[in-house]
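Below is one structure; the comments refer to it alone.
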Amino acid sequence: MSKSIGSSSGAVRQYSPSEEVKKKKSILQNIGVGSLSGISAVSMIQPLIYFKNMKQLGSHVKRNPRVWYRGVGGFAASFAPTIALQTAVKGIFSNIWDLGPVVAALAGGAFSALVVCPAEGIMIQQQKTGVGFFKTAEYVYTDYGIRGFYRALLPTAAREATFAAAYLGVTPIVKRKLESLGMHAWIAQILAGAGVGIAAAGISHPFDTVKTQQQGDLSMKMATVEALCKKGVFAGFAWRAAMLTTATTVIPFVQEKLDKIVEKLKN
């Protein structure tokens, strides 16, 4: 059975159950593609995150690769669902509310802070102390309660909104524009990812620094606005620019390839 619904032009169109099934499949596709693309980037960006965090916290950077990957399990377990969540929410906002890709990606990124914030807070504490994931989570909960897991939620949301807009919204647009000018797809992807990644790092890095400092010192009382105005908010910028450049190049590329594979399987 089909039903009629209105459109912005006043016309009435028939809406069938098959369209609803297709939309649900699209959401599941976004979740799957987002998860796999997130996993593909973890091993490359984890050391960059360690170097960035240590610079932001003013801590000594160790040359032991085992230390660089400290907390990678918790990060991987959160990063893949985060990219999946951002991709799925962006798709929902684009399909249901008909928002543009950049605005929809901004919304998806901000929403994902609910997952990102506790996971990254635990990872930062692990990088400082070397204590295991569950012991660290127990310490945060015992000393600070649930609020400890959501320390720095607002700067996290601002940072993730910028990040998601960069790799889900702006990078694919720039890549298509470069390809329309006759540039090879690989070169277009690299240039788009690098340019957009560096720009996104410049916009969001102060929020990321404040987030890292607040999660690194859970007893810090400084307000976010005050912390954003302090010197040193661009500490570790080079490492984060490298991280975002990697992410905005790799993740959209992997997502594009996975989407093509899924569409072929559907047909």
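Among residues of segment 169-184 that are in contact (Cβ under 8 Å) with a residue 60 or more places away in the chain and surrounded by 12 or more Cβ atoms within 10 Å (Cβ to Cβ), those with a Cβ under 9 angstrom from a residue that is assigned to a helix (DSSP H, G or I) and of a type in the set (K, R), sequence gap 6+ or separate chain, pair up as G169/K90.
Report yes if some residue within segment 121-132 is part of a helix (DSSP H, G or I), in contact with a helix residue (DSSP H, G or I) (Cβ under 8 Å, 6 or more places away or on another chain), within 24 Å of R70 (Cα to Cα) and among the basic types (K, R); otherwise report no. Yes; the residues of segment 121-132 include at least one that is part of a helix (DSSP H, G or I), in contact with a helix residue (DSSP H, G or I) (Cβ under 8 Å, 6 or more places away or on another chain), within 24 Å of R70 (Cα to Cα) and among the basic types (K, R). Can you spot a residue in segment 232-243 that is buried (at least 23 other Cβ atoms within 10 Å of the Cβ), within 29 Å of S26 (Cβ to Cβ) and touching a residue at least 40 places away in the same chain (Cβ under 8 Å)? Scanning segment 232-243 turns up no residue that is buried (at least 23 other Cβ atoms within 10 Å of the Cβ), within 29 Å of S26 (Cβ to Cβ) and touching a residue at least 40 places away in the same chain (Cβ under 8 Å).
Across segment 247-263, the qualifying residues are those that are farther than 15 Å from G91 by Cα and in contact with a Phe, Trp or Tyr (Cβ under 7 Å, 6 or more places away or on another chain), and the one among them that is surrounded by the most Cβ atoms within 10 Å (Cβ to Cβ) is T248. Kindly indicate whether any position in segment 25-45 is touching a Phe, Trp or Tyr at 6+ places or on another chain (Cβ under 8 Å), at pLDDT 50 or above, within 16 Å of D259 (Cβ to Cβ) and not β-branched (V, I, T). Checking segment 25-45: at least one residue is touching a Phe, Trp or Tyr at 6+ places or on another chain (Cβ under 8 Å), at pLDDT 50 or above, within 16 Å of D259 (Cβ to Cβ) and not β-branched (V, I, T).
Could you tell me whether segment 164-186 includes any residue that is over 19 Å from Q46 (Cα atoms) and aromatic (F, W, Y)? Scanning segment 164-186 turns up at least one residue that is over 19 Å from Q46 (Cα atoms) and aromatic (F, W, Y).
Taken as a whole, the condition of being over 21 Å from the mean Cα position of the chain (by Cα), part of a loop (DSSP other than H, G, I, E, B) and acidic (D, E) does not apply to D143. The residues in segment 57-106 that are closer than 22 Å to A137 by Cα, assigned to a helix (DSSP H, G or I) and of a type outside the set (A, V, I, L, M, F, W, C) can be counted, and the count is 6.
Of note, D259 satisfies the criterion of being part of a helix (DSSP H, G or I) and at pLDDT below 90. Exactly one residue among K175, K221, K211 is of a type in the set (D, E, K, R) and within 21 Å of V102 (Cβ to Cβ), and that residue is K175. Does A227 qualify as being at pLDDT below 90 and assigned to a helix (DSSP H, G or I)? So A227 passes the test. A count restricted to segment 190-224 and to residues that are within 25 Å of K128 (Cβ to Cβ) and either hydrophobic (A, V, I, L, M, F, W, C) or not in a helix (DSSP H, G or I) (or both) stands at 10. Looking at T156, T129, T136, T162, can you tell me which residue is surrounded by fewer than 16 Cβ atoms within 10 Å (Cβ to Cβ) and of a type in the set (S, T, Y)? Unique residue meeting the criteria: T129. None of G169, G182, G148 is touching a helix residue (DSSP H, G or I) at 6+ places or on another chain (Cβ under 7 Å) and either farther than 20 Å from G109 by Cβ or hydroxyl-bearing (S, T, Y) (or both) except G148. Restricting attention to segment 68-119, the residues that are surrounded by fewer than 22 Cβ atoms within 10 Å (Cβ to Cβ) and on the phi > 0 side of the Ramachandran plot add up to 1.
The values are calculated or read from the model by the stated rules, or taken from the named source; none is laboratory data. Note that the structure is predicted; figures quoted are calculated from it, not measured. Please note: Cβ atoms are built from the backbone with ideal geometry, for glycine as well, and neighbour counts cover all protein chains shown.
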